[in-house]
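FYI, it's all coordinate maths here, none of it is from the lab. Keep in mind that this is a model prediction, so the values were computed, not measured. Note that each Cβ is placed from the backbone with ideal geometry, even for glycine, and that neighbours are counted across all protein chains shown.
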């Protein structure tokens with residue numbers, strides 16, 4: 001199982017130089033990948049494009065970029081640019097986000113999100129392979145549409161997928177899935193089997209499962225979980241995440257976090273490996289600098 005680091009709107013992820021610094025630190029520490037959330041802060045693809053010019057080995061990816069605000073050609077241009085800058089180390093994570101964001105905040109339609117993703121991928125994927133997109137579906141009409149980004153390798157895509165239809169789309173058409181707020185039992189019993197079955201039906205390679213998980217190395221477990229319960233409360237209210245929490249039989253998002261001493265964290269990470277996760281993405285949710293650093297070092301050491 002590969003080990004990655006997850007960046008949100010914290011720990012340097014609000015400044016380009018901070019993202020570059022974290023990418024370089026993660027690479028030097030031995031992390032396999034750095035994933036950056038695309039939320040209401042820096043543009044994750046743009047920030048990782050810059051980071052790609054300051055690193056040499058580490059995979060860089062978005063977790064995840066919502067599709068609705070951008071035409072697939074615009075997103076493909078950004079991704080190919082990032083991949084050129086990173087020398088072929090960029091992975092595009094895409095998703096449909098949530099009604100709260102897309103409809104209530106942005107005023108865009110959140111009707112039939114799975115169908116929208118299917119139509120979007122029909123245009124996006126050929127462009128990321130360096131091919132022309134000749135598409136006519138319910139949402140897009142493109143004719144001989146291509147993008148010329150020299151020395152940019154094809155961009156792999158992972159998709160945020162939790163429900164059966166989205167997992168089928170991810171398995172058939174992308175390199176795998178990128179999850180948040182999904183526990184090991186649910187990944188093993190629900191996500192993995194559906195994703196792998198879809199990939200096999202399409203004759204695709206075994207899919208990736210990139211699982212982002214909150215992690216804190218601490219002896220103050222009770223207070224830390226209480227703080228995380230407040231910080232992560234919104235995820236327990238979003239329908240798609242709530243469904244995954246219910247499948248895992250936990251009360252709230254903080255119950256999924258790996259919190260405790262070194263043995264607890266190592267055993268927790270091993271559970272994700274045993275559940276079929278190919279890429280463990282470490283979201284270090286520590287407020288104190290020393291706690292963050294100890295957690296960073298422990299996970300890097302495997």
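Please specify each residue of the stretch 205-222 satisfying the condition of being over 20 Å from the mean Cα position of the chain (by Cα) and surrounded by fewer than 23 Cβ atoms within 10 Å (Cβ to Cβ).
The initial filter retains those residues of the stretch 205-222 that are over 20 Å from the mean Cα position of the chain (by Cα), namely 217-222.
Within the stretch 205-222, 218, 219, 220, 221, 222 qualify.
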With criteria (1) surrounded by 22 or more Cβ atoms within 10 Å (Cβ to Cβ); (2) over 22 Å from residue 28 (Cβ atoms); (3) touching a strand residue (DSSP E or B) at 6+ places or on another chain (Cβ under 6 Å), residue 256 comes up short on (3)
So for the stretch 259-276 (the condition being crowded, with 19+ Cβ neighbours inside 10 Å, closer than 22 Å to residue 28 by Cβ and in contact with a strand residue (DSSP E or B) (Cβ under 7 Å, 6 or more places away or on another chain)), does at least one residue qualify?
yes
Only one of (1) assigned to a strand (DSSP E or B); (2) surrounded by fewer than 15 Cβ atoms within 10 Å (Cβ to Cβ); (3) under 20 Å from the mean Cα position of the chain (by Cα) is not met by residue 144, so which one is it?
(3)
Okay, helices (runs of 4 or more DSSP H) sitting entirely in the stretch 173-285 with 3 or more residues that are touching a residue at least 40 places away in the same chain (Cβ under 8 Å) and over 18 Å from residue 295 (Cβ atoms), I get 239-248
Taking the stretch 122-133 and keeping residues over 13 Å from residue 74 (Cα atoms) and either out of contact with any strand residue (DSSP E or B) (no Cβ under 6 Å at 6 or more places or on another chain) or in a helix (DSSP H, G or I) (or both) leaves 122, 126, 129, 130, 131
Just need a number here: residues in the stretch 223-237 that are within 19 Å of the chain's Cα centre (by Cα) and surrounded by 17 or more Cβ atoms within 10 Å (Cβ to Cβ).
3
Filter result (within 21 Å of the chain's Cα centre (by Cα) and part of a loop (DSSP other than H, G, I, E, B)) within the stretch 107-121
110
Go through (1) free of Cβ contacts under 8 Å to residues at least 40 places away in the same chain; (2) under 24 Å from residue 60 (Cβ atoms) for residue 296 and report which single condition fails.
(1)
Which of the following residues is more than 28 Å from residue 29 (Cα to Cα) and either touching a helix residue (DSSP H, G or I) at 6+ places or on another chain (Cβ under 9 Å) or crowded, with 18+ Cβ neighbours inside 10 Å (or both): 249, 243, 286?
249
